[in-house]
Amino acid sequence: MFKAIKKSIQFGAHTLTLETGEIARQADGAVLVSYGDTAVLVTVVGRHDVKAGQDFFPLTVDYQEKTYAAGKIPGGFFKREARPSEKETLTSRLIDRPLRPLFPESFYNEIQIVAMVVSSDSEIDSDIPAIIGASAALAISGIPFYGPIGAARVGYINEEYVTNPTASQLKESELDLVVAATDSAVLMVESEAKELPESVMLGAVLHGHKEMQAVIKMINELAKEVGKEPWDWVAPEPDKALIKKIHDLAAKDVHAAFQIKSKGERSAKLEEIKNKVFAELITEDTDTTETNKIKNEFFNLEAKTVRTQILDGEPRIDGRDTRTVRPIAIRSSVLPRTHGSALFTRGETQALVVATLGTGRDEQTIDALQGEYSDRFMLHYNMPPYATGETGRVGTPKRREIGHGRLAKRALLAVLPSKEDFSYTMRLVSEITESNGSSSMASVCGGCLALMDAGVPIKAHVAGIAMGLIKEGNRVAVLTDILGDEDHLGDMDFKVAGTEDGITALQMDIKITGITTEIMQVALSQAKEGREHILAIMKKEMKGSRQELSTFAPRIITVKIHPDKIREVIGKGGSVIKALTEETGATIDIEDDGTIKIACVDGLQGEEAKRRILEITAEIEVGQIYEGTVIKMLDFGAIVSLLPGKDGLLHISQIAHQRVNAVTDFLSEGQKVKVQVIEVDDKGRVRVSAKALIEPPAAEEKVESKKAD
């Protein structure tokens, strides 16, 4: 019934297996990828016709984590997987980025890739199997595709590279790098690192590329054995007559437009030229194919104009050379009531970044496939339409916003203080108020400064910069601090963030079929030069973190008690802790190991809460003197409250040196009295003495008392 094919290789520490022919046979391509006990089913389907009016390549990638893969039932009311998690969104982007450049130009057929995690080993991430599965499914589908690609994760432990490290190994690793590539060139890199030098980062990319060659070979063998017939699709031949016509109509005007340094004015002028060309060449009788050709050729004219200008050594669009960073302006403490804020402006890109400090209960709880965990550092990136002078929808963050926020977060993680040294939860929000290239790197710079402004003791300044590439044959130009147009019309978006000591995050996307090691080396070197320039400006504005937290930030006082005492602080039904929070105004969080965090805006409130907690949890010590309150009178003595919840028996024989006939001669309920602990038995019962600590009543007082009787 089935013609199932299975191929396996050793890839790192585990076996990688590709299976096809049994599941999802109506898809154009379907591959079940297993890596250890993690399995991902990846399918690809392509439309054989093009939608009317289609003028872009509609590639959709949906990565989905099924909770049954980890033997779990979804939480919530509906008990069903709902909107994509951040991990699912980021992995969808991770699959899309290296695949998209490998489809032919002018290919507008809709392609959908669906990657479902159907089995999950908590030690093995499913993102690498998903990328490999998408590559394999495309390779056997017959869809036009210049692949296959491979992918690998690279760790760096004890100065050695580790292929596809497990989740446990990544905790010890100084690097978490994902690389995707064809057999000859790298297409995509995504990483976070602990201030590693450029040579180590480049070595990791090369290591991953070398290791994945066996994967690419296996996919080629699978495609050779079971691949479908290639689609009957041929790339259209260049229409030389149309190219000349558009050149004659617009070349001079386009060249003049790209001399305008202001993005807004330049965009308006280019739009005017484009509309004039389209009005001339597109009529009601022009079909979709011809319309797309005209639009493509106008875009090609724009690209050729900018690219030739740069490769010929002329100034870039805004007048800079290839290595110069745009002018930078920095302002800190921009917003008076926030805990920390910074406005970072680089050219026409601007980020207003705000830091907020919270307590442990503000940590984000994430219910991941591998298990639930908490995150004490969040970075949220927003880019409203006005940032580019446009109108548009404002609402749920798009994939791009989630991706940019994650990249900026990766860049800052390496310099954050440990939870033991700084127990606050930290949230950064980067509001992109202007955008013309590399707003994610502006978020890194602004985020670093906002954290410092909030008084977070981060280890070092972090800056980020975006590099670009123009490549025509053997002619190559690497661009520092790219503009939006250079990103749009260029061949590479290469973002590098780090400190003076090394790289903390790196992300590379290639729009051509790959780049060489030499180009990467130049880009990393040039990025370091640009990063150091930005760091110098940042340090001039803010030398380090502020010594004092904002007046409006919560103060957190940490107290450590024995875990057995937790129930005493909580009280029956939560009565004690409820009273503490209501009476002091402090927020109190108790951890299982006995760590208590008291958060408050008023430091006096926190100190009062701390004092009362220490009283509640204090141990009664023999020989120690306490000032207690008489809470009950007995015929043979009194009960004295020593500490909250801890009472002692003061026997009549221990009240004074002389014989005491009546306890009431010395004590009364509510009276404050100093007592010394003389015994604590094995059941926790306490006996105290007041001998030599209280004086007997004066003789006159005794006489007057008897007369009154």
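The values are calculated or read from the model by the stated rules, or taken from the named source; none is laboratory data. Fair warning: this is a prediction, and the values are worked out from it, not measured in the lab. For neighbour counting, all protein chains shown are included, and Cβ atoms are generated from backbone atoms with ideal geometry for every residue, glycine included. To get the accessible areas, we keep the full protein, side chains included, count just its heavy atoms, and leave off ligands, DNA and RNA. Shrake-Rupley method; radii C 1.70, N 1.55, O 1.52, S 1.80 Å.
Quick notes
- Inclusion of Val444 among residues that are in a loop (DSSP other than H, G, I, E, B), open to solvent by less than 10 Å² (accessible area, probe 1.4 Å), aliphatic (A, V, I, L, M) and at negative phi is not warranted.
- Of all residues in region 82-104, exactly one satisfies the criterion of being in contact with a Pro (Cβ under 9 Å, 6 or more places away or on another chain) and open to solvent by 50 Å² or more (accessible area, probe 1.4 Å), namely Ala82.
- Neighbours by Cβ (under 9 Å, 6+ apart or cross-chain): first from region 66-93, at positive phi; second open to solvent by 40 Å² or more (accessible area, probe 1.4 Å): Gly76/Ala82; Lys79/Ile73
- Filtered residues of region 310-319 (kept if open to solvent by less than 20 Å² (accessible area, probe 1.4 Å) and either at pLDDT below 90 or part of a loop (DSSP other than H, G, I, E, B) (or both)): Arg316, Ile317
- Listed by first and then second residue, the pairs with beta-carbon distance under 9 Å, at least 6 apart or on different chains, first residue in region 180-208 and at positive phi, second surrounded by 24 or more Cβ atoms within 10 Å (Cβ to Cβ) and not aliphatic (A, V, I, L, M), are Glu195/Gly498; Glu195/Thr504.
- First in region 459-481 and farther than 16 Å from Glu192 by Cα and in contact (Cβ under 8 Å) with a residue 60 or more places away in the chain, second anywhere and basic (Lys, Arg) and surrounded by 23 or more Cβ atoms within 10 Å (Cβ to Cβ), Cβ under 9 Å, 6 or more apart: Met467/Lys495; Leu479/Arg316; Asp481/Arg346
- Unique residue being more than 25 Å from Ile310 (Cβ to Cβ) and not β-branched (Val, Ile, Thr) when the list is Lys511, Lys528, Lys540: Lys540
- Note on region 190-226: residues that are among the hydroxyl-bearing types (Ser, Thr, Tyr) and open to solvent by 50 Å² or more (accessible area, probe 1.4 Å) total 1.
- Each residue in region 658-695 was checked for being open to solvent by 80 Å² or more (accessible area, probe 1.4 Å), part of a loop (DSSP other than H, G, I, E, B) and under 19 Å from Ser641 (Cβ atoms), and 3 pass.
- Looking only at region 114-132, and only at residues there that are of a type in the set (Ser, Thr, Tyr) and open to solvent by 10 Å² or more (accessible area, probe 1.4 Å), the one that is nearest to Leu170 (Cα to Cα): Ser122
- Cβ-Cβ under 6 Å pairs, at least 6 apart or on other chains, region 325-340 side under 19 Å from Ala355 (Cβ atoms), far side among the β-branched types (Val, Ile, Thr) and loosely packed, with under 13 Cβ neighbours inside 10 Å: none
- Within region 65-120, the residues that satisfy the criterion of being closer than 30 Å to Gln54 by Cβ, over 21 Å from the mean Cα position of the chain (by Cα) and either assigned to a loop (DSSP other than H, G, I, E, B) or at pLDDT below 90 (or both) are Phe103, Pro104, Glu105, Ser106, Phe107, Tyr108, Asn109, Glu110.
- Which numbered condition Gly571 fails, given (1) of a type outside the set (D, E, K, R); (2) closer than 27 Å to Gln676 by Cβ; (3) surrounded by 15 or more Cβ atoms within 10 Å (Cβ to Cβ): (2)
- The residue that is farthest from Ser184 (Cα to Cα), counting only those in region 227-243 that are surrounded by fewer than 12 Cβ atoms within 10 Å (Cβ to Cβ) and of a type in the set (D, E, K, R), is Lys240.
- Test: residue in region 622-630 that is open to solvent by less than 70 Å² (accessible area, probe 1.4 Å) and touching a helix residue (DSSP H, G or I) at 6+ places or on another chain (Cβ under 7 Å): no
- Among the residues of region 390-427, the ones that are under 23 Å from Ala553 (Cα atoms) and either open to solvent by less than 70 Å² (accessible area, probe 1.4 Å) or modelled with pLDDT of 95 or more (or both) come to 13 in all.
- When we screen Lys72, Lys79 for residues that are open to solvent by 90 Å² or more (accessible area, probe 1.4 Å), out of contact with any strand residue (DSSP E or B) (no Cβ under 6 Å at 6 or more places or on another chain) and of a type outside the set (Gly, Ala, Ser), the only hit is Lys79.
- Looking across region 635-666, the residues that are free of Cβ contacts under 8 Å to residues at least 60 places away in the same chain and of a type in the set (Gly, Ala, Ser) come down to Gly637, Ala638, Ser641, Gly648, Ser653, Ala656, Ala662.
- Of residues in region 497-514 being open to solvent by less than 10 Å² (accessible area, probe 1.4 Å) and farther than 12 Å from Gly464 by Cα, the one nearest to the chain's Cα centre (by Cα): Met508
- One residue stands out in region 136-157 among those that are part of a helix (DSSP H, G or I) and in contact with a helix residue (DSSP H, G or I) (Cβ under 6 Å, 6 or more places away or on another chain): the one that is farthest from Lys217 (Cα to Cα), namely Ile140.
- Filter result (touching a helix residue (DSSP H, G or I) at 6+ places or on another chain (Cβ under 8 Å), under 26 Å from Ser435 (Cα atoms) and open to solvent by 30 Å² or more (accessible area, probe 1.4 Å)) within region 367-387: His380, Asn382, Met383
- Enumeration of residues in region 434-452 that are of a type in the set (Ser, Thr, Tyr) and under 19 Å from Lys261 (Cα atoms): Ser435, Ser438, Ser439
- Each residue in region 275-290 was checked for being acidic (Asp, Glu), closer than 16 Å to Gly53 by Cα and touching a residue at least 24 places away in the same chain (Cβ under 8 Å), and 0 pass.
- In region 539-564, the residues that are in a loop (DSSP other than H, G, I, E, B) and over 25 Å from the mean Cα position of the chain (by Cα): Lys543, Gln547, Glu548, Thr551, Phe552, Ile561, His562
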